[in-house]
Amino acid sequence: MHPWAFRARFRRTAFGWKGSKLAIERIHEALAEICAVARHDSASAAEGAVLFLEKLSPALNQIDSYSGALGNATYSAVQGLVPIISSAPVDAAVRKKWLDRLFEAIQEDDPPYIESLGEHWGALCADPSLASHWADQLLPLMQHVMADRRKGTYAYAKSGTLCYSALFHAGRFDELL
């Protein structure tokens, strides 16, 4: 396991109310560290990317991010880390553990700094059969949410985008529609 320097900097509530500028600097440092490792060990870099995404929201949740700069930095971080994770040459068991950890991080994402990760869920699965497995897990909840919406009830699930992305990457287009 790589000794990630960012691990200590991204502990829960690590940044105070006015810590936006420092948090953005730390995000850039973490991305640079992960990208440097990716040049010679893509699997370790992907493990680091998963760890970073798990730690991101809990570390930033006390910051007043009214300017939007922090949201832009976290969005860019997600966009930069998705290819590292999705292209990592790991076996299915490791990828499944990563997806379980990322799913939990998305569910606990408040404020929503890593919500755009759901748009890439199918790509993170890296295999249509794994994407189909996730779609099977998430689809019953989404069908329930959609039924409630048809009744006029407000309904929402954080896993909606994940489900749609998994369906798309699994090639299950009829169900997606």
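Quick notes on this one:
- Between the amide H of SER159 and any residue lying 5 or more places away or on another chain, no distance stays under 5 Å, with hydrogens modeled in the peptide plane.
- Separation of the GLN62 and VAL94 label points, Cα + 7 Å toward Cβ, nm: 3.5 nm
- Volume in Å³ per residue [convex hull over Cα atoms, computed for segment 89-166]: 85 Å³
- Exceeding the 29 Å Cα-Cα cut-off - candidates LYS18/LYS97; LYS97/LYS151; LYS96/LYS158; LYS55/LYS96; LYS96/LYS151; LYS18/LYS96: LYS18/LYS97; LYS97/LYS151; LYS96/LYS151; LYS18/LYS96
- Prolate/oblate/rounded call for segment 23-85, Cα gyration tensor, a/c under 1.5 rounded: prolate
- Order of exposure, largest accessible area first, which applies to SER57, SER65 with probe 1.4 Å: SER65, SER57
- Taking other residues whose beta carbon is less than 14 angstrom from the beta carbon of VAL82, and scoring Lys, Arg as +1 and Asp, Glu as -1, yields -1.
- Within the chain: Cβ-based charge dipole about Cα centre, in debye rounded to nearest 20 (Lys, Arg +1; Asp, Glu -1): 360 debye
- Sequence of ARG149, ARG95 when ordered by accessible area, the most exposed leading, probe 1.4 angstrom: ARG149, ARG95
- Residues within the reach of a label modelled at ALA155 (point 7 angstrom out along Cα to beta-carbon, backbone nitrogen below 16 Å), restricted to segment 124-144, are 138-144.
- A 1.4 Å probe run over the chain, with the rest of the protein chains in place, finds 52 Å² accessible per residue.
- Shape class for segment 103-142, computed from the alpha carbon gyration tensor (a ≥ b ≥ c): oblate, with a/c not under 1.5 and a/b at or below b/c.
- Heavy-atom surface analysis with a 1.4 Å probe gives the chain a carbon and sulfur content of 55 percent of its accessible area.
- Prolate/oblate/rounded label for the chain (Cα gyration tensor, a/c 1.5): oblate
The values are calculated or read from the model by the stated rules, or taken from the named source; none is laboratory data. Every value quoted in this text rests on a predicted model; they were computed, and no experiment measured them. Methodologically, a virtual Cβ is constructed for each residue, glycine included, from the backbone with ideal geometry; neighbour enumeration extends over all protein chains shown. Surface accessibility is based on the protein's heavy atoms, side chains included, excluding ligands, DNA and RNA. Shrake-Rupley method; radii C 1.70, N 1.55, O 1.52, S 1.80 Å.
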